[in-house]
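Undergrad: Take this structure first; my questions come after.
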Amino acid sequence: MCRRENNDLSGNDVVQSFITGSGSFPTFASLNSQLRILVLSLLPSTISDPKNLGTVLHFIYLSSGEGMGGGIRQLLEQVHRLSRRCLFRVLSMGPLPTHLAFIMDGNRRYAKKRGLEDGSGHKAGFSALMSMLQYCYELGIKYVTVYAFSIDNFRRKPEEVQSLMDLMLEKIKSLLDKESIVHEYGIRVYFIGNLGLLNDQVRAAAEEVMKATAKNSRVVLLVCVAYNSTDEIVQAVKRSCVDKADRDVERIQLVDIEENMQMSVAPEPDILIRSSGETRLSNFLLWQTGNSQLFSPDALWPEIGLRHLVWAILNFQRSHSYLEKKKKQL
Amino acid sequence: MDFNDPMLALSSSIGQIGDFGLDLVWRFIHIVVTLCLIVSGIFELVESYAISLGLIQKYSSIDIEKLKCLAVVVDIEAARDVSKVIELLRWLTTIGVKQVGVFDSQGLLKKSKDMILEMVPRSVLLQETGENNISPDSIALEFISSFDNKEAVVKAANILLQKYLKSIHPENGEGENVFTESHLNEALRVVGECVHVPDLLLVYGPVRSHLGFPAWRLRYTEIVHMGSLKYMRYGSLLKAIHKFTGVRQNYGV
């Protein structure tokens, strides 16, 4: 029996297999009577979204015992995914943020807390990032920005900076793999920051990913690397001045600086989440967060999970009308 | 066709009932969240009264020297009640804070600055005194609005543009590099802005957001949400300042 290696349930092929008997899944006709009744009873709640129906059918297929070989973990994963989809369906009854920003703080403290070797915290942090991105894109959040590496971080020990650069290179290259999250969700990736400060290999890899994903338009991931908000503002002022000088215009306006900000490719963030309980922005998106809700869960970044995201969104939904009013006042 | 119409109507009705059910669940979740926040609010209220009465030992002394510059962001609705702002500033004077920047997005407090300076004992205007000339027993106040944020950067950018245009070589058309953080910093001072970075920013409003406080000054500022100005509490203020004095920053290193 062929199995979906990546457990991606777009739903339509599973539904089709169930109805026509083609493909690798059993048909509706071949289910026992209890399972048939289960499918029929679950139909109304999944009718608005075929993906849900595909997930339900796949869950039933797995629980029918036919795919049990090595499938316990996959079964649990399907249960989590189904529960998550139900939760997100409920959350989508209220306003949802369009743009979420994350400061991924606490990787080193996590490694120290767990007694891990140097660098393991960042690897654990990357896994947490992938999970968080998956949740955001499943929820339908179009823009996600992450603070991966600050200009200030270059002042860390050279071996730590080199290790971070190596990890970044490895992970940036992996974004181009066919099985990566970029292809799964059709993500357009931007690397925002003073890329000239990066070594040639990392910069080239980042540029390759930006070029390769330039045609994607479903969702957007902005990775801030070698970034500072104050540097972004200075670079925007510089670009505005050089542009005005070239055109013999002697006056800069706010719209010129706004257009030249690197983050102008995305709307302002609705929520900015900084893990590890710290309450400062550390020179991240200072210009763009005037109307953003700031959230600082105590969890270290590798410990961040769905519950923190859900709590942030519930609070956002409570404050949404106030923040919309603020935006109109400006 | 005749068979499909009732089926479509049925599935539409099922969909609507489903959405209604989901909406009920959503509202229920929000009721639970509200109850959790009310309970947590009651605990905070009790704690703040205990702090005000001096019942919690650790808040009885604060190393105020660590707090060089404090900023307060006030929601625009709250800024209309100047008496509460004056009361807050008096508390800060009692605690021993030396420099306070008060921000509201529309500059309502700027318009009332004369009254505030009169009503807050030993207060001086920071712009007149300068950061280095504040006497030990006074409090320097600064009044900030959104015009000191992006519009100020635009004014500073125009100063840099003029410098750049004057420095352009006729032969190669290139100008001097006047585009560094220190150049922009200096240009902001020239247009009359204070560029001092507050150590701590207290937000009095419904949401934890800096509401457009000058971005250039927020780099490493600790941002703490204090709730509504109308229900502000001295104990909560002490707790926030005390917590700040325990923070250790590594500035990215």
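Undergrad: Assign unit charges at the C-beta atoms only (+1 for Lys and Arg, -1 for Asp and Glu), then state the dipole size of chain B relative to its Cα centre in Debye, rounded to the nearest 20.
TA: 800
Undergrad: A follow-up question, please. Please list, in chain and number order, the residues 5+ apart from B:L200 or on another chain whose amide H is under 5 Å from its amide H, with Hs placed from the backbone.
TA: B:C69, B:A71, B:E222
Undergrad: A further question follows. Relative contact order of the range A:94-329, please, whole-number percent, based on alpha carbon pairs below 8 angstrom and at least 6 residues apart.
TA: Dividing the mean separation by the residue count of the range A:94-329 yields 28 percent.
Undergrad: So which residues of the range A:272-293 lose at least 10 Å² of accessible area, probe 1.4 Å, when you go from the chain by itself to every protein chain present?
TA: For the range A:272-293, once contacts with the other chains are taken into account, A:E278, A:T279, A:R280, A:L281, A:S282, A:N283, A:L286, A:W287, A:T289, A:G290, A:S292, A:Q293 lose 10 Å² or more.
Undergrad: Please list 3J(HN,Hα) in residue order for the range A:212-229, calculated via the Karplus relation 6.51 cos²θ - 1.76 cosθ + 1.60 where θ = phi - 60°; whole Hz, with x for glycine and proline.
TA: Listing the rounded values in order: 5, 9, 4, 8, 6, 9, 5, 9, 10, 10, 10, 9, 8, 9, 6, 10, 9, 5 Hz.
Undergrad: Using only helices, what value at 222 nm comes out for the protein assembly as shown when you add -39,500 (n - 2.57) per DSSP H run of length 4 or more and divide by the total residues, to the nearest 500 deg cm²/dmol?
TA: -16000 deg cm²/dmol
Undergrad: Return the residues of the range B:197-214 for which accessible area with all protein chains present is lower than in the chain on its own by 40 Å² or more; set the probe to 1.4 Å and exclude ligands, DNA and RNA.
TA: B:V207, B:R208, B:S209, B:H210, B:L211
Undergrad: To the nearest 10 degrees, how steep is helix B:82-95 against the longest Cα principal axis of chain B, on a 0 to 90 scale?
TA: 60
Undergrad: Turning to a different aspect of this structure: Sequence neighbours fewer than 8 away in the same chain don't count; with that in mind, list the lysines whose C-alpha is under 18 Å from B:K110.
TA: By straight Cα distance, B:K110 reaches B:K84, B:K150.
Undergrad: Continuing with the same structure: Quick check on my link table: of A:K112/A:K142; A:K326/B:K230; A:K215/A:K328; A:K326/B:K68; A:K211/B:K155; A:K142/A:K211, which ones sit more than 24 Å apart, alpha carbon to alpha carbon?
TA: As for pairs spanning more than 24 Å Cα to Cα, those are A:K112/A:K142; A:K215/A:K328; A:K326/B:K68; A:K211/B:K155.
Undergrad: Where the only charges are on Cβ atoms (+1 Lys, Arg; -1 Asp, Glu), what is the dipole of the range A:233-321 about its Cα centre, to the nearest 20 debye?
TA: In total the dipole reaches around 220 debye.
Undergrad: From the phi of every residue in the range B:44-58, what ³J(HN,Hα) in whole Hz does the Karplus formula 6.51 cos²θ - 1.76 cosθ + 1.60 yield, where θ is phi - 60° and glycine or proline is x?
TA: 5, 4, 5, 5, 5, 5, 5, 5, 4, 7, x, 7, 9, 3, 5
Undergrad: I've got another one for you. Taking amide hydrogens as modeled 1.01 Å from N in the peptide plane, which residues meet the under 5 Å criterion relative to A:N228, leaving out close sequence neighbours?
TA: Sorted by chain and number, the residues that satisfy this are A:I151, A:N194.
Undergrad: Give the relative contact order (percent, whole number) for the range B:42-108; include only Cα pairs under 8 Å separated by 6+ residues.
TA: 41
Undergrad: Give me the dipole magnitude in Debye, nearest 20, for the protein assembly as shown about the Cα centre, with unit charges on the beta carbon: positive for Lys and Arg, negative for Asp and Glu.
TA: 1120
Undergrad: What residues have an amide H closer than 5 Å to that of B:G227, excluding those fewer than 5 places away on the same chain, when H is modeled at 1.01 Å from N in the peptide plane?
TA: B:G205
Undergrad: How much accessible area per residue does the range A:94-329 have, counting only protein heavy atoms and a probe of 1.4 Å, in square angstrom?
TA: 42
Undergrad: Could you give each residue of the range A:278-283 its phi-based ³J(HN,Hα) in whole Hz, using Karplus coefficients 6.51, -1.76, 1.60 with θ = phi - 60°, and x for Gly or Pro?
TA: 6, 10, 9, 8, 6, 6
Undergrad: Which of the aspartates and glutamates could a cross-linker span from B:K66 if the Cα-Cα distance has to be under 18 Å and same-chain partners fewer than 8 positions apart are dropped?
TA: A:E278, B:E131, B:D137, B:D199, B:E222
Undergrad: What value in Å³ per residue do you get for the convex hull of the alpha-carbon atoms in the range B:191-237?
TA: 95
Undergrad: Here's another thing I want to ask about it. Quick one: helix B:150-166 against the long Cα principal axis of chain B, what's the angle to the nearest 10°, folded into 0 to 90?
TA: 50
Undergrad: Right, another one. Contact order normalised by length for chain B, with contacts defined as Cα pairs under 8 Å and 6 or more residues apart; what percent is it?
TA: RCO, chain B: 23 percent.
Undergrad: Would you please classify the overall shape of chain B from the alpha carbon gyration tensor, given that a ≥ b ≥ c denote the square roots of the eigenvalues, rounded means a/c under 1.5, and beyond that prolate means a/b larger than b/c while oblate covers the rest?
TA: oblate
The values are calculated or read from the model by the stated rules, or taken from the named source; none is laboratory data. Predicted model only: the values in this text are computed from it and were never measured. Cβ atoms come from the backbone with ideal geometry, glycine included; neighbour counts cover every protein chain shown. Note: areas computed on protein heavy atoms with side chains; ligands, DNA, RNA excluded. Shrake-Rupley method; radii C 1.70, N 1.55, O 1.52, S 1.80 Å.
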